[in-house]
Amino acid sequence: MANKFNGELTHLSSSTIIEGDIKLDNDIRIAGTVTGSVDTKGALIVEQTGKIKGEIRASQATIAGKIHGNIECDGLMTLESRSCFIGDIKTRQIVINENAEFHGNCAMPITEEA
């Protein structure tokens, strides 16, 4: 994935537990647990061990772990195999891989080309 923030990446390891909101301008990779909102202008990657309970905003998202909350994604959102997403999704593009769980609603804004 190309990073438009000069290689800046925030990584939360699997032993990290955050209770509170996260707001940042760069990409973030979460392998730990976050209880609170995540708001990034970059990409969000949630590894298989990653868990988020809260609202999410990102430019793009790849989810392999567990999410309980709503997400607003400006670009492509991917739910990997064995991921679990409970909540509503608003995104321009979505890929839901085989064996991914999704419980909620999905809204995709109509583009001008449509």
Q: Take the residues in the range 48-68 that are part of a loop (DSSP other than H, G, I, E, B) and more than 10 Å from the chain's Cα centre (by Cα), then tell me which one is nearest to Leu9 (Cα to Cα).
A: Gly50
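Output the residue which, of all residues in the range 12-36 that are polar (S, T, N, Q) and free of Cβ contacts under 8 Å to residues at least 24 places away in the same chain, is farthest from Ser59 (Cα to Cα).
Once the filter is applied, the top-ranked residue is Ser15.
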Q: For Arg82, state whether it is among the basic types (Lys, Arg), outside any strand (DSSP E or B) and surrounded by fewer than 18 Cβ atoms within 10 Å (Cβ to Cβ).
A: yes
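Going through the range 15-27 one residue at a time, which ones are closer than 16 Å to Lys53 by Cβ and either among the aliphatic types (A, V, I, L, M) or surrounded by 13 or more Cβ atoms within 10 Å (Cβ to Cβ) (or both)?
Thr16, Ile17, Ile18, Asp21, Ile22
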Q: Could you list, in sequence order, all residues of the range 33-55 that are crowded, with 23+ Cβ neighbours inside 10 Å and either under 16 Å from Glu19 (Cβ atoms) or in contact with a Phe, Trp or Tyr (Cβ under 6 Å, 6 or more places away or on another chain) (or both)?
A: Val34, Val38, Gly50, Ile52
(Q) Could you go through the range 101-110 and let me know if any residue there is under 17 Å from Leu9 (Cα atoms), at pLDDT 95 or above and assigned to a strand (DSSP E or B). (A) no
Q: Could you tell me whether Asp74 is in a strand (DSSP E or B), out of contact with any helix residue (DSSP H, G or I) (no Cβ under 7 Å at 6 or more places or on another chain) and farther than 20 Å from Gly104 by Cα?
A: no
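The values are calculated or read from the model by the stated rules, or taken from the named source; none is laboratory data. Note that the structure is predicted; figures quoted are calculated from it, not measured. Positions of Cβ are backbone-derived with ideal geometry, glycine not excepted, and every protein chain shown enters the neighbour counts.
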